Amino acid sequence: RRRVGRRLIRHARVELERAVTLDRGNAEAQKLLMRVNDVLGRRKDRIKSAVETLYGEQKIAAQERLAELDNRIDWGRKFAEQAKTDPELSISESIRKNEQALQAFERANEIVKWMPPSVNVDEQQNTVARMIRETRKNVKSLEDELAQSDRKRAQDLAMQRAEQDRQFRQKKLN
């Protein structure tokens, strides 16, 4: 039985080699030939098959990372846009939104750093770097505005207290 099976597999290999020779673009015949050679113990085709599978898996992983990169950039832009345009946000809430945007952009920057060299991400890298600069600038501006608002509030409170003290002393004198 084993001999008959081996003979059939060898015959299949011959036929598949013929099919591949006639039509080099026939991916199905090439895959089947590699599988038959794997069964027959031919190392060259087994290694080639493993390398092609690895390349395919790496390609898929790179595509997944690119999709995640684009998602992070989109999230960062969404948070930054909310911080700029939502009139109902307080200054501290706008700072928090900008910090969320900054986190998304920094994560995108990490993804860019670990992309394979064969994948061109120059455009995304430039976009991320620009958005990080802009977002940091916005955070600094909002923090300055918040500090100024706090100083103004403190001055108003101090003036209120001083007026209350003055009125209290005036009452006491009267």
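Checked against the criterion of being within 30 Å of ASP70 (Cβ to Cβ), among the basic types (Lys, Arg), assigned to a helix (DSSP H, G or I) and open to solvent by 70 Å² or more (accessible area, probe 1.4 Å), region 155-172 has no qualifying residue. Here region 71-104 is the region considered, the condition is being in contact (Cβ under 8 Å) with a residue 12 or more places away in the chain and of a type in the set (Val, Ile, Thr), and the residue that is most open to solvent (accessible area, probe 1.4 Å) is ILE91. Going by what's in this entry, would GLU88 be described as over 30 Å from TYR55 (Cβ atoms) and under 18 Å from the mean Cα position of the chain (by Cα)? It is false that GLU88 is over 30 Å from TYR55 (Cβ atoms) and under 18 Å from the mean Cα position of the chain (by Cα). One residue is enough: does region 132-143 have a residue meeting the conditions open to solvent by less than 100 Å² (accessible area, probe 1.4 Å), of a type outside the set (Gly, Ala, Ser), assigned to a helix (DSSP H, G or I) and touching a Phe, Trp or Tyr at 6+ places or on another chain (Cβ under 9 Å)? Looking for residues that are open to solvent by less than 100 Å² (accessible area, probe 1.4 Å), of a type outside the set (Gly, Ala, Ser), assigned to a helix (DSSP H, G or I) and touching a Phe, Trp or Tyr at 6+ places or on another chain (Cβ under 9 Å), one finds at least one in region 132-143, hence yes. Within region 121-130, at least one residue is open to solvent by 100 Å² or more (accessible area, probe 1.4 Å) and either closer than 22 Å to ASP74 by Cβ or not in a helix (DSSP H, G or I) (or both). Beta carbons closer than 6 Å, at least 6 apart along the sequence or on distinct chains, pair a first residue in region 125-144 that is closer than 29 Å to ALA67 by Cβ with a second that is among the polar types (S, T, N, Q) and open to solvent by less than 40 Å² (accessible area, probe 1.4 Å) for THR135/ASN98; ASN138/ASN98; VAL139/ASN98. Could you go through region 51-67 and let me know if any residue there is among the hydrophobic types (A, V, I, L, M, F, W, C), at pLDDT 85 or above and loosely packed, with under 15 Cβ neighbours inside 10 Å. Yes, region 51-67 contains a residue that is among the hydrophobic types (A, V, I, L, M, F, W, C), at pLDDT 85 or above and loosely packed, with under 15 Cβ neighbours inside 10 Å.
The values are calculated or read from the model by the stated rules, or taken from the named source; none is laboratory data. Source: prediction; values computed, not measured. Reconstructed Cβ throughout: ideal geometry from the backbone, glycine too, with neighbour counts over all protein chains shown. Accessible surface is based on the protein model in full, side chains and every heavy atom, while ligands, DNA and RNA are left aside. Shrake-Rupley method; radii C 1.70, N 1.55, O 1.52, S 1.80 Å.
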